[in-house]
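**Student:** One structure, as C-alpha cells, below. Some questions next.
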Amino acid sequence: MRHTYECKELYKDRSKTIERVFADLKEKHGLRWTTLRGIEKVSMQAMLVCACFNLKKMANWMWKKGQNGPGKGKNFFVFIKYLSKMLVKILKPHFSFFEKWGLSTVCIIIYLLKKIE
C-alpha cells in the first residue's frame, strides 16, 4: 500500500507540513533536549511548547486576516492582550519553573505583559 502512487504523493505533502512542524519545535522551541527530569515535567514542557506554537500560528492567522478585513488588525491586538492576561493568571504561581527555559515563548509573553501594565 505505501508503495502506491497515491501514498507516495501523500508522503511528499507530509514532508512539507508535518515534518516541518517537528523541525520547528526542535530547532526554534527547544524540544531537541530538556534539562527537566521526570515524565510529568517533560510532558508539561512539551504540551506548553506545543500550545504556544499553536497560539503563534493562530495569532499569525488572525494578523493576516485582520490586515485585509475591517479594523486592520484590531482583532489581533485584542487577542494578544487577552491571551497575555490569561497566561499570567495561569502561569504566575509556577513562574520559577518556567525561568529554567530561558527566553521561551511563554516567558516572553509574560515579560511583555508586565511591561504593558
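**Student:** Could you tell me whether region 16-24 includes any residue that is closer than 24 Å to residue 80 by Cα, of a type outside the set (D, E, K, R) and modelled with pLDDT of 75 or more? If you could, list the steps in order and put the result at the bottom.
**Tutor:** Going residue by residue through region 16-24, those that are closer than 24 Å to residue 80 by Cα are 21, 24.
Retained after the next criterion (residues that are of a type outside the set (D, E, K, R)): 21.
Checking which are modelled with pLDDT of 75 or more leaves us with 21.
Taking every residue of region 16-24 in turn, at least one turns out to be closer than 24 Å to residue 80 by Cα, of a type outside the set (D, E, K, R) and modelled with pLDDT of 75 or more.
**Student:** Does residue 54 fit the bill of being under 10 Å from the mean Cα position of the chain (by Cα) and modelled with pLDDT of 75 or more? Steps first, please.
**Tutor:** Working: under 10 Å from the mean Cα position of the chain (by Cα): yes; modelled with pLDDT of 75 or more: yes.
Yes: the conditions hold for residue 54.
**Student:** Same structure again: Take the conditions surrounded by 15 or more Cβ atoms within 10 Å (Cβ to Cβ), assigned to a helix (DSSP H, G or I) and at pLDDT 75 or above and apply them to residue 31. Does it pass?
**Tutor:** Numbers: surrounded by 15 or more Cβ atoms within 10 Å (Cβ to Cβ): yes; assigned to a helix (DSSP H, G or I): no; at pLDDT 75 or above: yes.
So residue 31 does not fit the description; no.
**Student:** Identify, from the list 104, 96, the residue that is modelled with pLDDT under 65, exposed (fewer than 11 other Cβ atoms within 10 Å of the Cβ) and small (Gly, Ala, Ser). Give the steps one after another, and end with the answer.
**Tutor:** Working: 104 fails: exposed (fewer than 11 other Cβ atoms within 10 Å of the Cβ).
It is 96.
**Student:** Is there any pair linking a residue in region 20-38 that is of a type outside the set (D, E, K, R) to one that is surrounded by 11 or more Cβ atoms within 10 Å (Cβ to Cβ) and part of a loop (DSSP other than H, G, I, E, B), with Cβ under 7 Å and at least six apart or on different chains, and which?
**Tutor:** So the pair list comes out as 25/31; 30/101; 30/104; 35/100.
The values are calculated or read from the model by the stated rules, or taken from the named source; none is laboratory data. Owing to the predicted nature of the structure, the values given are computational and were not obtained by experimental measurement. Backbone-built Cβ (ideal geometry, glycine too); neighbour counts: all protein chains shown.
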